[in-house]
Structure formats: C-alpha cells, structure tokens
Amino acid sequence: MRLTSIRLHPFGKFHDTSWDLSDPLVVISGPNETGKSTLRQAIFHILFTPTDLTPSRLRTIIAPWLPLPAGDYAAITIDIDDNGKHYQLKKRWGSQPTSHLTTPDGSALSDTETIARILEKLCGHNEATFRHVFFTGHDELENTITKLKANSLELRDIRSLVQTGNETAGDIDQRRFEELLDQRIKKYFSRWEDERQRPIRQNGQEKSVGNEWKQGVGEILGAWYTWQVLIAEQKTILRLEKEIDAITSQLITIEEQVKEDQEFLSTFGALRDQLSERSVMEERVSRLTSERELLKKVFAAWPIAHATVDAWKTQRDTLVVQSKNLNEELRTARLREQADDILNHYHAIQSAEKELQETQDAMKKQHPPEPARLFTIETLHDEVTHLENVLAAQSLTYSMTSNSTQSVMITHSDEPPEQRDVQEIPVTGKASGRIRFESSGLIITVDSGGQDIEEILRNLHQKRTSLRLTLESCGVSTVAEAKEQASSYNSLVLRTESKQETYRALLRGKNRAEWDTRFAEIEGLRKTRDSTTIEHELEAVRHAVSTGDQSLETHQERIQSWEKSYINLEALGEKLLTAQHDLHTTETTLTTLPHVPSNFPSSDAFIHSLDSAQERMNTNSEPRSTLASQRGGLEGQLGDRRSEDLVEEAENAKNQFDHVLDEGNSYKRIKEMLTSIAPIDNTSLDEFNERVSEIFSTISSSDSQLCFLDTLPSHITRGTITVSPERLSQGARGALALAVRLALAELYLKSASGFVMLDDPLVHLDKERLGEAISILKSFSKRYPVIFFTCHEQQADLLRL
C-alpha cells in the first residue's frame with residue numbers, strides 16, 4: 001500500500017493544496033512554518049482518525065487543525081495504490097462530518113466502520129506500528145529506543161516476524177518473567193474483587209468510602225477510592241452550593257425589598273399627613289356628593305309622586321266600571337259557548353238523520369237475488385264445475401296421419417266441431433271423455449272407458465242450461481255478478497243499521513221535536529266576543545288595578561318617609577342648598593392638597609403602602625442577619641472548593657481508574673498469553689540484530705559492537721569502552737535510532753506493505769554520516785516508499801539526486 005497523492009481542503013494553514021506522492025522517495029522541503037508538520041499530521045489523521053468524534057475528542061485532536069480565524073471544519077482527500085488497485089479516501093471533521101471511500105470497482109462507501117475495516121486491511125499494520133516505527137516526527141528520532149520500550153505492548157512482537165520455528169519469546173527467563181507479572185498483577189488487584197468491580201468485602205461488609213481498607217490497597221482500589229472520595233465530596237460541595245444559592249437568593253430578595261422600601265419611604269414619606277387629610281376630604285366629597293344627589297332626586301320626585309297619586313284615583317274608578325262591564329259580557333259569552341255546544345250537537349243530529357235517509361233510499365233502489373235463489377245459483381255452479389272436472393279427468397290422446405290430404409271434422413267432448421286437414425305430418429291432440437272424427441261419410445266416436453260419457457255430457461248440458469236460466473231471472477249474466485249484487489246489498493244493510501244506531505245515540509233519549517224547541521231558545525241570546533278574549537281583557541284590567549294600587553302604596557310610603565325626614569318640599573329645598581354649599585367648600589379645600597402618586601389608586605392605598613414598607617423594613621432586619629450568618633457558616637464549610645472543579649477532577653479520577661484497571665487487565669492478558677505459548681530460540685533475533693548493527697556501522701563509519709537486551713540495543717562497545725545508548729553523542733544516537741527504525745521497518749514491511757514517513761531525521765549528523773544515511777535511505781526507498789520532510793535544502797538536493 002502506498003499513497004499517490006493528497007489534498008488538504010482545508011487543513012491547518014492550507015485552504016486547498018495538493019501534493020504528488022507517487023514517487024518511491026518523496027522529498028518535501030521548505031523553511032520552518034511552511035506546513036511540513038501540518039502535512040505529516042494530515043497523513044496520519046486521514047489514515048487513523050475517524051470522523052465521528054465526540055465533541056471532547058474533536059477539540060483535542062482536530063481543533064488545532066481547523067483554519068484560522070474561525071474555520072469550523074477540516075477536510076482531506078488521498079489517493080491510495082494497493083498492488084495496482086486504486087482507492088480514493090475523503091474525510092471531513094467538524095461541521096457536517098463525513099467519510100467517503102471509492103473502491104477499485106467504483107463503489108462509494110460512507111459507513112465509518114466499514115471504511116475503517118478496509119483501511120485497516122490496506123495499511124496492514126496497526127496504528128501503533130505506524131506511529132512508533134514508520135512515522136518519525138520532528139526531534140523524535142533520538143527517543144526511538146525509549147518510545148519503543150514504552151509502547152512495546154502496542155507493537156507486534158518482531159520475533160514473530162523473523163522467527164522460523166515456535167512463536168514465543170525464549171530470549172528471557174520465562175519463569176522470572178511470570179514472577180514479575182504475578183507481582184505486578186498483585187500490585188494492581190490487591191483488595192479488589194474483579195467480578196463485582198468493587199472492593200473485597202470484610203466479614204460481609206462493604207469496604208467503600210468511609211470504611212476503607214487501610215493496608216494492602218492495590219493500584220486499582222486506590223484509584224477507585226480516589227474517584228469515589230471525589231464523588232462524595234462533589235455531592236457535599238454541590239449540596240453546600242445549593243444551600244448557599246438558596247440563602248443568597250433570599251438575601252438578594254430581602255435586600256432588594258429593603259432598598260425599594262427605603263427609596264419609597266424617603267421619596268413619599270413626607271406626604272403621609274397631607275394625603276391622610278386628602279383621604280378625609282375625598283371621603284367627605286364622596287359623601288356630600290351622594291347626599292346632594294339624593295336630595296336632588298327627592299326634590300324632583302316629590303311633586304311627581306303627589307300628581308301620580310291624584311291621577312291614579314281617577315283612573316282607578318274608570319277601571320272598576322270597565323271590569324264590571326267585562327264580567328257581565330263574560331257571563332253572556334259563556335252561556336253562548338254552552339249554547340254553541342248544543343247547536344253543534346243539533347247539527348250533528350240533522351247530519352245523521354240525512355245520512356240515514358240516504359242509505360235507506362239506496363237500499364230501495366237495489367234488487368238483489370233472494371238468498372234461496374243465490375243458493376241455487378251457487379249449487380248449480382258447483383255441479384257444473386264438478387262435471388267439467390270429471391270430463392277433464394277422462395283424458396284422451398290422439399294422433400292422425402294421411403298419405404294424401406284429407407279434411408277431417410274433429411269434435412272434442414261437447415265442444416263445437418273443428419275442421420282440420422290431415423297430411424303425412426301427424427295431427428295430435430287431447431280431449432276430455434269423448435272425441436269424434438268425421439271424414440268422407442266416415443264417423444268415428446271414441447269415449448273413455450271409465451264412466452258413461454253420454455250420461456255425463458247430458459247432465460252437464462242440463463246443469464249449464466238451468467244455471468243460465470236462473471242467472472237471467474236474477475238480471476245477471478255471471479255467478480260472480482250475482483254474488484257481487486248480494487254482497488253490495490248486505491253492505492248497505494249493515495251501513496243503514498249503523499246510521500240508525502248513531503242517530504238514536506245523538507237523540508239522547510229525546511225525540512226530534514224536543515231538540516227543535518231547544519234550538520229555537522238558544523237563537524234568542526245576544527252575540528258577544530269569545531270568552532277567552534274577554535277573560536284576557538278582564539285580566540289586563542285587574543292587573544292594571546293591582547299594579548296601580550301597589551304603585552299608589554309605594555308613592556304614599558315615600559311621601560310619608562319624605563315628610564318624616566324633610567317635613568315638606570320647602571324644607572327639603574333648604575337642605576339641598578346647604579349640601580351644595582358644603583360640597584363646594586370641601587372641593588375647594590381638596591384642591592389645595594397634593595395628589596396621590598399616579599401609580600396608586602387612592603390615598604388609602606398609598607398610606608397603606610407606606611405602612612407596609614415601614615413594617616417590612618422592621619421585620620426584615622432579623623431574618624437578614626440570620627441568613628447572612630448562615631451563609632457565612634456554609635461558605636466556611638465550602639472553602640475554595642467548587643463543584644465544577646470537582647466534576648472535572650472526578651472525571652479525571654474516573655479516567656485514571658479506568659486506565660489503571662485497563663493496565664491491570666493488560667498484565668493479566670499478558671500472563672494468559674504467556675502461559676498459552678512455548679519459548680522460542682533466541683537465535684531468531686540474530687538476523688534483526690545483525691541488520692541494526694550493519695546500518696549503524698555504515699552510517700557511523702565505525703566497527704562498534706552492539707549488544708541487545710531482548711529486541712533493543714542495550715550497550716555499544718568501541719574498543720575497550722562500553723556505553724549505553726544514552727551515553728552516545730547526539731549524532732551517534734541519531735544514527736543508532738535511524739538504524740533501529742529502518743531495520744524494524746524492513747521486518748514489518750516484509751509481512752505487509754506500507755510506507756515510511758520521516759521528519760528531519762538527519763539534522764544532527766555530520767557531513768560524512770549524512771552522506772551514508774542518505775545513501776541508505778535511497779536504497780531503502782527502492783524497496784519501500786519513503787516520504788521525507790526537511791527544512792534543509794542541502795539534504796533535499798542530495799535525496800533528489
């Protein structure tokens with residue numbers, strides 16, 4: 001995997017800038033502050049920093065690379081070549097964060113996790129390998145050995161890269177290593193119950209904050225106690241702060257009220273006496289105004305009341321006469337209404353008599369058949385029907401054909417003859433009881449064999465003749481018509497009987513002459529309006545009398561009251577003049593007094609406000625002192641600690657606890673891994689050690705002998721002098737670090753592809769060592785891609801040759 005190009009749009013100081021990275025050795029040079037480190041950081045972040053960061057991580061990781069002065073996002077695009085397959089990756093952090101990967105087949109991916117998995121596969125190595133082996137920042141080279149020691153657990157063991165046999169390390173004492181791991185695990189997990197993630201109980205009791213373990217406290221439990229103490233302290237501080245805030249709020253409210261009351265009293269206190277007098281005057285004006293208006297009303301109403309009493313006495317006499325006349329008219333009207341009922345009944349008798357006469361006349365006009373004759377007709381009709389049914393039951397079927405056309409007379413039963421032409425096509429039919437054929441003098445008669453057909457036909461003829469003659473004698477042509485006449489006559493009989501019954505009921509036991517006499521008497525009454533109209537008018541008159549009497553009583557009571565209070569109209573007038581004079585005097589006095597402030601509805605309300613303000617000032621003195629004392633005590637308990645500080649401290653303590661717990665678990669995992677593998681031969685590191693020695697000797701132009709502890713150089717021997725890497729000169733330390741880096745990179749890149757990125761790694765080398773180092777880097781870049789940053793144009797020129 002190698003990068004072929006990168007575009008920053010924007011990132012750091014670059015708004016939209018691109019670089020071609022397709023050469024095996026890419027040299028990027030320029031003075032300080034031109035953005036080399038920015039580009040190096042961009043390459044790292046595009047590969048390993050996801051876009052779905054939390055706000056906190058965004059501020060820590062990406063915020064330093066947001067464009068100034070107020071950029072809210074950073075974006076990078078790179079092109080990747082993986083064995084001839086092209087990928088393009090775009091990432092944007094900050095506002096509207098996105099990730100976008102275009103694969104060789106043209107697919108566009110935007111899922112962060114999917115892109116991360118593909119990138120991990122393309123890179124071939126974890127982030128720690130790129131950070132601590134492949135990528136070297138400015139002034140980081142000399143710390144290579146220290147960093148490799150510190151981050152050894154994050155890196156893939158190089159022995160797994162060079163070994164040819166077993167896959168475990170056998171270059172150290174495994175038993176000693178396990179003892180050290182046990183000591184370290186005990187140091188971390190002492191007094192800690194890993195399953196419950198809590199302190200180990202003592203006799204069933206929790207050993208939490210307030211009842212802590214005093215001895216044998218491990219790193220994890222110590223970090224947990226620190227975290228829990230801060231949480232408890234945070235709760236206490238937060239409680240104290242809330243209490244202080246509540247008291248402060250009360251004090252502020254009291255102070256504001258006291259200040260408001262003081263200002264109010266100093267501004268308006270002097271108006272109290274004058275406004276008290278004004279209140280008295282306003283009350284007197286109101287009272288005198290009411291008294292004057294009452295006197296004016298009485299003065300105007302008294303003469304009207306006298307006139308109303310006199311007028312009612314005259315009007316009442318008229319209404320009494322009208323009431324008497326209406327009562328007389330009502331009596332006559334009620335007699336006529338009773339007579340109307342009689343008249344209506346008389347007219348009903350007349351109508352019933354007329355309807356009875358009409359039905360009797362209709363009966364006389366009809367001549368229905370007598371019952372005996374109607375019975376004979378019905379009997380003959382039934383007999384004829386019976387004989388016809390008998391014949392119908394003697395059914396005969398026939399069929400005739402003829403070779404030549406023959407005329408045949410056919411007679412069915414007693415029906416008239418029918419002439420038919422018979423040919424080869426059959427002539428068929430049915431007959432009841434008898435059939436007769438006549439043709440060319442030949443007569444054929446066929447009877448059914450069941451009964452005497454001749455007798456049946458004779459009886460049928462007789463019955464039909466008798467029925468016809470009987471119907472003619474009754475003046476009808478059919479049996480149905482005879483029945484209809486009989487039914488109609490019977491209906492008239494019933495109707496006549498009903499009318500007779502109605503007529504008798506209406507007479508009520510009297511004869512017609514008596515009703516005629518009663519009718520003549522009623523016609524003599526004089527005509528009046530209907531009683532309902534008269535009653536309404538009479539009720540209105542009575543109501544008017546009642547209302548007038550009540551009004552009269554009211555006016556008389558008022559006149560008596562006025563005479564009792566004011567004697568007469570003249571004395572009332574004098575009182576009215578006196579009241580008007582007193583009101584004018586009071587209003588004049590009122591104009592000399594100050595007005596109530598505009599935001600008060602009255603003098604009483606204003607004085608009440610003054611009294612309330614003074615009372616509040618008196619009563620607030622003691623609570624204010626008590627609250628201030630309470631706040632002082634709480635602030636003394638609080639000291640300089642603040643809940644917001646403890647929130648951050650508790651969060652840091654929790655993070656420290658998680659970190660320590662993770663470290664302890666890491667040691668456990670190491671031990672588990674160690675017990676599951678077997679040791680390997682130390683000779684598997686010889687190739688790596690020889691390669692480091694070769695590169696170091698070439699750069700330093702010396703025959704130094706390197707001794708290794710595990711996988712890193714521990715001593716360098718020159719002649720009779722042996723020194724540690726830290727005791728080397730700055731240039732030699734740089735050469736040794738570069739040798740270790742390149743040897744490690746070679747091993748890692750043999751297992752999976754990648755690239756190396758170096759930021760000014762040769763600044764401390766002299767001219768001779770610089771040339772050897774550049775030669776080695778060029779040779780290295782022929783096998784593995786290298787991106788080289790430098791602010792030294794001489795080094796850049798040598799690398800580009």
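Yes or no: Leu396 of a type outside the set (Phe, Trp, Tyr) and within 30 Å of Gln366 (Cβ to Cβ)?
Numbers: of a type outside the set (Phe, Trp, Tyr): yes; within 30 Å of Gln366 (Cβ to Cβ): no.
Taking the combined requirement at face value, the residue does not satisfy it.
Flag: Ser5 does not match the condition of being assigned to a helix (DSSP H, G or I), of a type in the set (Ser, Thr, Tyr), open to solvent by 10 Å² or more (accessible area, probe 1.4 Å) and within 23 Å of Ser781 (Cα to Cα). Quick one: is Ile410 open to solvent by 70 Å² or more (accessible area, probe 1.4 Å) and aliphatic (A, V, I, L, M)? No; evaluated as a whole, the condition is false for this residue.
Residues in region 181-207 that are over 25 Å from Ser666 (Cα atoms) and either open to solvent by less than 90 Å² (accessible area, probe 1.4 Å) or in a loop (DSSP other than H, G, I, E, B) (or both): Gln202, Asn203, Gly204, Glu206, Lys207. Of the strands (runs of 3 or more DSSP E) lying entirely inside region 679-792, those containing at least 3 residues that are crowded, with 21+ Cβ neighbours inside 10 Å are 756-759, 786-790. Within region 744-762, residues that are more than 19 Å from Ser693 (Cβ to Cβ) and touching a residue at least 60 places away in the same chain (Cβ under 8 Å) have Cβ atoms under 6 Å from residues that are open to solvent by less than 10 Å² (accessible area, probe 1.4 Å) and of a type in the set (D, E, K, R) in no pair, counting only partners at least 6 apart in sequence or on another chain.
I'd like the full set of residues that are among the small types (Gly, Ala, Ser) and either open to solvent by 80 Å² or more (accessible area, probe 1.4 Å) or modelled with pLDDT of 80 or more (or both), limited to region 614-631.
Step one: of region 614-631, the residues among the small types (Gly, Ala, Ser) are 621, 625, 628-629.
Scanning region 614-631 gives Ser625, Ala628, Ser629.
Counting only residues that are more than 25 Å from Ser753 (Cα to Cα), open to solvent by less than 80 Å² (accessible area, probe 1.4 Å) and either in a strand (DSSP E or B) or out of contact with any strand residue (DSSP E or B) (no Cβ under 7 Å at 6 or more places or on another chain) (or both), region 9-32 holds 6 of them. Restrict the check to region 514-535 and report whether at least one residue is in contact with a Lys or Arg (Cβ under 8 Å, 6 or more places away or on another chain) and surrounded by fewer than 11 Cβ atoms within 10 Å (Cβ to Cβ). Checked region 514-535: at least one residue is in contact with a Lys or Arg (Cβ under 8 Å, 6 or more places away or on another chain) and surrounded by fewer than 11 Cβ atoms within 10 Å (Cβ to Cβ). Taken over region 259-298, the criterion of being modelled with pLDDT under 85 and either over 22 Å from Phe606 (Cβ atoms) or in contact with a Lys or Arg (Cβ under 8 Å, 6 or more places away or on another chain) (or both) is satisfied by Asp261 alone. Of all the numbered requirements in (1) open to solvent by less than 60 Å² (accessible area, probe 1.4 Å); (2) touching a helix residue (DSSP H, G or I) at 6+ places or on another chain (Cβ under 9 Å); (3) under 24 Å from Arg287 (Cβ atoms), Gly548 misses one, and that requirement is (3). Within region 343-381, the set of residues being open to solvent by 50 Å² or more (accessible area, probe 1.4 Å) and either under 14 Å from Leu507 (Cβ atoms) or in contact with a strand residue (DSSP E or B) (Cβ under 6 Å, 6 or more places away or on another chain) (or both) comprises His347, Gln350, Ser351, Glu353.
Quick grid of which residues meet (1) surrounded by 16 or more Cβ atoms within 10 Å (Cβ to Cβ); (2) of a type outside the set (A, V, I, L, M); (3) free of Cβ contacts under 8 Å to residues at least 24 places away in the same chain:
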{"position": "Thr226", "(1), (2), (3)": "yes, yes, no"}
{"position": "Leu230", "(1), (2), (3)": "yes, no, no"}
{"position": "Glu233", "(1), (2), (3)": "yes, yes, no"}
{"position": "Leu238", "(1), (2), (3)": "no, no, no"}
{"position": "Thr253", "(1), (2), (3)": "no, yes, yes"}
{"position": "Glu263", "(1), (2), (3)": "no, yes, yes"}
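Selection over region 58-97 of residues that are polar (S, T, N, Q), closer than 15 Å to Ser110 by Cα and outside any strand (DSSP E or B) gives a count of 1.
Being without any contact (Cβ under 8 Å) to a residue 40 or more places away in the chain and open to solvent by 60 Å² or more (accessible area, probe 1.4 Å), is that true of even one residue in region 38-51?
Kept after step one, since they are without any contact (Cβ under 8 Å) to a residue 40 or more places away in the chain, are these residues of region 38-51: 38, 41-42.
Filter once more, keeping what is open to solvent by 60 Å² or more (accessible area, probe 1.4 Å): none.
Among the residues of region 38-51, not one is without any contact (Cβ under 8 Å) to a residue 40 or more places away in the chain and open to solvent by 60 Å² or more (accessible area, probe 1.4 Å), which makes the answer no.
The values are calculated or read from the model by the stated rules, or taken from the named source; none is laboratory data. Being a predicted model, the structure only gives us computed values, none of them experimental. Every residue, glycine as well, gets a Cβ built from its backbone with ideal geometry; the counts of neighbours run over all protein chains shown. Just the protein is used for accessible areas: all its heavy atoms, side chains included, with ligands, DNA and RNA removed. Shrake-Rupley method; radii C 1.70, N 1.55, O 1.52, S 1.80 Å.
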